[in-house]
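*Asks:* Shown below is the structure under consideration.
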Amino acid sequence: GMGGASFDPFSDFFGGGMRRQNVRRKCKAKLVQLNITLEESYNGVTKEVTVDKRVICSKCKGTGAADPNAKTSCPGCKGKGIKLVIQKMGNMIMQSQTTCDDCRGEGKIIKEKCKKCEGKMVHNIKEKVKVDIDKGVPDGHRYTLKDQGDQFPDVDSGDLVIEINLQKHKDFIRNGADLTYKIQISLLEALTGLKFVVKHLDGRNILIKTKPNEILQPNKLKTVK
C-alpha cells in the first residue's frame, strides 16, 4: 500500500520481513483443494475449479491512483523510500537508515486513490481454472500451475497449487495401487461356493467366483488381477 493505505502487500503476499535489494520477489503460492471421486481418480478427468485470487487493478494499472500518472515523489524521503536517522550518543553521532513511514518505502505517494481498488493496486476476482487429472492420481497429490496465483505490481505472479482430496467410495477402498471390495457372505456360501458380479470403476461388470471345493475363511482376501 502507499499513501497511508491499510493494505500491506509484504505481510499478506510475501510473508513479511525486510525487503532485499536486487532480489526478484514472487507472490506466495495459493493452495486450493479439489474434491474428486474414486471413479475420476481411476479413469482420469478434466475438472474445473473456481479460484478466488488477487489481480492487478485494470483501472489504475496497478498504481493505486485515480490518475495513473498523478503519483509524485514522497516529500518525506524525496522519492528515495528511506530516511536518514541521526542519533547522538555522548560525544558520538550515529547515522542509520530506516524505511520511510510516509510512503512505506515506495518513494511515491498517492494524492487521490483509485476507486476500484481503493488504492490497494489489486482487487479480488473469481476465476475458473481447468485441471487435467491423471489416471490413478493419489489422495493429497498436488498440481502446480505456474504463475496462475495472486498478482501484485512489480512482483512475479504466484503459483496456483491444486491439492487432490479423494472422496470415500461406497463400495471400494483404495490401498495404494490396489482396490479392495468388501462383501458379507453366509456360512453356506463360504462352504459351498460363491459367485457374484462387481461393477468396476470404469463401468465393467466383473464376475467373481470361487474355485471348485474352495472354502472361504473369515476376512480372507481374494485377488483378481
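*Asks:* Against the definition (modelled with pLDDT under 90 and farther than 25 Å from Cys60 by Cβ), how does Leu166 come out, yes or no?
*Replies:* On the way: modelled with pLDDT under 90: no; farther than 25 Å from Cys60 by Cβ: yes.
It is false that Leu166 is modelled with pLDDT under 90 and farther than 25 Å from Cys60 by Cβ.
*Asks:* Assess whether Asn175 counts as being more than 30 Å from Lys61 (Cα to Cα), out of contact with any Asp or Glu (no Cβ under 6 Å at 6 or more places or on another chain), surrounded by 10 or more Cβ atoms within 10 Å (Cβ to Cβ) and polar (S, T, N, Q). Give the derivation first.
*Replies:* Numbers: more than 30 Å from Lys61 (Cα to Cα): yes; out of contact with any Asp or Glu (no Cβ under 6 Å at 6 or more places or on another chain): yes; surrounded by 10 or more Cβ atoms within 10 Å (Cβ to Cβ): no; polar (S, T, N, Q): yes.
Spelling it out, it is not the case that Asn175 is more than 30 Å from Lys61 (Cα to Cα), out of contact with any Asp or Glu (no Cβ under 6 Å at 6 or more places or on another chain), surrounded by 10 or more Cβ atoms within 10 Å (Cβ to Cβ) and polar (S, T, N, Q).
*Asks:* Restricting to the stretch 192-201, count the residues that are in a strand (DSSP E or B) and not aliphatic (A, V, I, L, M).
*Replies:* Final tally of qualifying residues: 3.
*Asks:* Among the residues of the stretch 120-132, which ones are outside any loop (DSSP other than H, G, I, E, B), over 30 Å from Thr180 (Cβ atoms) and open to solvent by 30 Å² or more (accessible area, probe 1.4 Å)?
*Replies:* Scanning the stretch 120-132 gives His123, Asn124, Ile125, Lys126, Glu127, Lys128, Lys130.
*Asks:* When residues of the stretch 109-143 are filtered for being touching a Gly at 6+ places or on another chain (Cβ under 6 Å) and at positive phi, how many remain?
*Replies:* Counting residues in the stretch 109-143 that are touching a Gly at 6+ places or on another chain (Cβ under 6 Å) and at positive phi gives 2.
*Asks:* Of the residues that sit in the stretch 43-61 and are at pLDDT 95 or above and not in a strand (DSSP E or B), which one is most open to solvent (accessible area, probe 1.4 Å)?
*Replies:* If we take residues in the stretch 43-61 being at pLDDT 95 or above and not in a strand (DSSP E or B), then Asn43 is most open to solvent (accessible area, probe 1.4 Å).
*Asks:* Give me the residue from the stretch 178-191 that is within 27 Å of Ser41 (Cβ to Cβ) and charged (D, E, K, R) and, out of that set, most open to solvent (accessible area, probe 1.4 Å).
*Replies:* My answer is Lys182.
*Asks:* Next up: Considering each of Ile125, Ile133, Ile164 in turn, give the residue that is touching a residue at least 60 places away in the same chain (Cβ under 8 Å) and touching a His at 6+ places or on another chain (Cβ under 7 Å).
*Replies:* That would be Ile164, the only listed residue that is touching a residue at least 60 places away in the same chain (Cβ under 8 Å) and touching a His at 6+ places or on another chain (Cβ under 7 Å).
*Asks:* Would you point out the residue of the stretch 62-90, among those that are modelled with pLDDT of 80 or more, basic (Lys, Arg) and surrounded by 14 or more Cβ atoms within 10 Å (Cβ to Cβ), that is nearest to Lys120 (Cα to Cα)?
*Replies:* Ranking the candidates gives Lys80 first.
*Asks:* Quick one: which residue in Lys113, Lys135, Lys108, Lys199 is open to solvent by 40 Å² or more (accessible area, probe 1.4 Å) and closer than 27 Å to Gln33 by Cα? So that I can check it myself, show each step before the final result.
*Replies:* Details: Lys113 fails: closer than 27 Å to Gln33 by Cα; Lys108 fails: closer than 27 Å to Gln33 by Cα; Lys199 fails: closer than 27 Å to Gln33 by Cα.
Matching residue, one of Lys113, Lys135, Lys108, Lys199: Lys135.
*Asks:* Then there is this: With the condition kept exactly as written, say whether any residue in the stretch 208-220 is out of contact with any helix residue (DSSP H, G or I) (no Cβ under 7 Å at 6 or more places or on another chain) and closer than 19 Å to His169 by Cα.
*Replies:* No, the stretch 208-220 contains no residue that is out of contact with any helix residue (DSSP H, G or I) (no Cβ under 7 Å at 6 or more places or on another chain) and closer than 19 Å to His169 by Cα.
*Asks:* While we're looking at this one, here's another question. Do we find a residue being open to solvent by less than 70 Å² (accessible area, probe 1.4 Å) and either at pLDDT below 80 or within 30 Å of Asn175 (Cβ to Cβ) (or both) anywhere in the stretch 91-105?
*Replies:* The answer is no, given that none of the residues of the stretch 91-105 is open to solvent by less than 70 Å² (accessible area, probe 1.4 Å) and either at pLDDT below 80 or within 30 Å of Asn175 (Cβ to Cβ) (or both).
*Asks:* Applying the selection to the stretch 145-164, what residues are surrounded by 12 or more Cβ atoms within 10 Å (Cβ to Cβ) and over 27 Å from Pro68 (Cα atoms)?
*Replies:* Leu145, Asp159, Leu160, Val161, Ile162, Glu163, Ile164
*Asks:* May I pose another question? Can you pull out every residue in the stretch 202-220 that is over 24 Å from Thr37 (Cα atoms), open to solvent by 100 Å² or more (accessible area, probe 1.4 Å) and in a loop (DSSP other than H, G, I, E, B)?
*Replies:* Lys211, Pro212, Asn213, Gln217, Pro218, Asn219, Lys220
The values are calculated or read from the model by the stated rules, or taken from the named source; none is laboratory data. Computed from a prediction, not measured in an experiment: that's the story for all the values here. Counting neighbours? That spans all protein chains shown, and the Cβs are built from the backbone with ideal geometry, glycine included. The protein model used for the area step is the full one, side chains on, heavy atoms only, and it has no ligands, DNA or RNA in it. Shrake-Rupley method; radii C 1.70, N 1.55, O 1.52, S 1.80 Å.
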